[in-house]
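Laboratory data are not the source of any read-out in this text; all were calculated from the coordinates shown. Just so we're clear, the structure is a prediction, and the values are computed from it rather than from any experiment. Cβ sites come from the backbone with ideal geometry, for glycine too, and all protein chains shown count toward neighbours.
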Amino acid sequence: MSAPIETRVQTRGDLAWSIAVGGIGVVAFAAFLLFTWYYAATLFLVFAGILLGVALTAMTHLLQKVMGGPHALRLALVCVVLAGLLSGVVFLGGSTIARQAAVLSNTLKSQLATVKSFLEQHGVDTSYLELGNPTATAAAVATAEGPATAAPTPPPGLPKNLPSAGALASGGGAIVSQTLKLLLGTVSAVGNFFIVLFLGLSFAAQPSVYRRGLLALSPKRHRANVTVVVDRISDTLERWLIAQMITMAAVFMVTWIGLSIIGIDSAFILGIQAGLLAFIPTVGALIGGLIIVLASLASGWVAAFSAFVLFLGVHALESYILTPIIQRQALDIPPATLFAFQILLGVVFGLWGLALALPLMAIVKVITTYLREEDEEREPEFKMA
C-alpha cells in the first residue's frame, strides 16, 4: 500500500510544480508585455540602432569581396564614404533643400486649403480638418460654457490701446512654452539620431562580440538551434537592407529626374522624401505619391496628372521590377500579410511600428520557418508525445 501512496504524493508534487511553473510563466509573459508597452519607443530606438549596425556590417561584407583587409579598416572606409556623400549633399544642395522644403511646405498648406474649400462647396463636412484654429476653439468654448464674460475695462487713467498686465504675462508664457516645446523636440530628435548612430557603429565595430554575448544568454542544450536562428536572421536582414538601399536610391533618382522634366519646383526634395519613404513598403509609397500629387497641383492640372503618372510608374518599377529581382532572395512575405502587420503596429506603436514592421516581421518569419522545418524532421512518436 505504501507504493501507491508514494506514487500519488509524487504525482501531486509534479502537478503542483507544473502549476507553479505555469503561473510563473504567465506572470513573466504579462510583465514582458507590460514592459514592452511602456518602453516601446526605447525598444524601437535600440532596434533601429541594431538595423544600422547590420546595414554597416553588410556593406563591409560587400567591400570584402572587392578588397581584403581587416574588418575595422573596411568599416572605416564605409563610414568615410557615407559621411562624404552626406556632406556633399548638405554642402552642395543644402540651400536648394532648404528653399525647396519651404516652398513645398507652403504649397502643401495652400493645396490642402484648396481641397478643403472644394469639399465644402460640394456639401462635404470638413470640420475635422480644422487644425488648431484659435478663433474656432474660443468660440466653441464660449458656446459650450454660456455667454462669455466681458473683458474688464481698463481704469480711466490708462491708455486704452495698451494690453493689460495679465495679457502680457499670458502672451509671454505662451511664447516661452512654445519655445521650450520646440527646443525639447529638437533636442529629442537630435538625441535619438545620435543614439541610433552610436548603437549602429558599436554593433558594426564588433559584431562577433555581441553575437557571442547573445548566444551565451541561451541555454546550453538549445545553443546550437539559437546559433542557426541568429545566423539566419543576420543573413536575411543584411540581404534585405542592401536590396532596400538600392531600391531607395533608384526611387530617388527616377522621381527627381521625372519631376524635373515635368517642371515641378521642389523636385529634389520630393525625390528625397520619396526615396526615404520607400523604406516603408506599401504605406510609404502611398504617402509619397499623395505628397507629390498635392505639390504638383500648384503647377496646374497637366503637371499634377503627369506627376500622378510618374508616381504610378515609380510604384510599378519598385513593385514589379526592383523588388522581385533584387529582393527575391531576401524576403518572401505576402503583401496583404505585410500590410495588415504594418497597420497593426502603426496603430499600436505609431510611426516607429509602421517604419520597422517589415524587419520585425522578417525576424518572426525566420524563427517560425526554422521551427516548422525542425518539427517536420521529428519522428511521429516524438510529435505525438
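Subtracting the Cα-Cα distance of Ser87 and Arg221 from their residue separation scaled by 0.36 nm leaves 43.3 nm. Sequentially through segment 250-256, phi angles give Karplus couplings (6.51, -1.76, 1.60; θ = phi - 60°) of 5, 5, 4, 5, 5, 5, 4 Hz, Gly and Pro residues having no value and appearing as x.
Projected label points at Phe118 and Ser202, each 7 Å from Cα along the beta carbon direction, are separated by 5.0 nanometres. Coupling constants for segment 224-230 follow from the phi torsions by the Karplus curve (6.51 cos²θ - 1.76 cosθ + 1.60, θ = phi - 60°), and in residue order they are 5, 5, 5, 4, 5, 5, 4 Hz; glycine and proline get x. Take the Cα of Tyr210, go 7 Å toward its beta carbon, and the backbone nitrogen atoms of segment 217-248 under 13 Å from that spot belong to 234, 238.
Sequentially through segment 38-49, phi angles give Karplus couplings (6.51, -1.76, 1.60; θ = phi - 60°) of 6, 10, 5, 4, 5, 5, 5, 5, 5, 5, 5, x Hz, Gly and Pro residues having no value and appearing as x.
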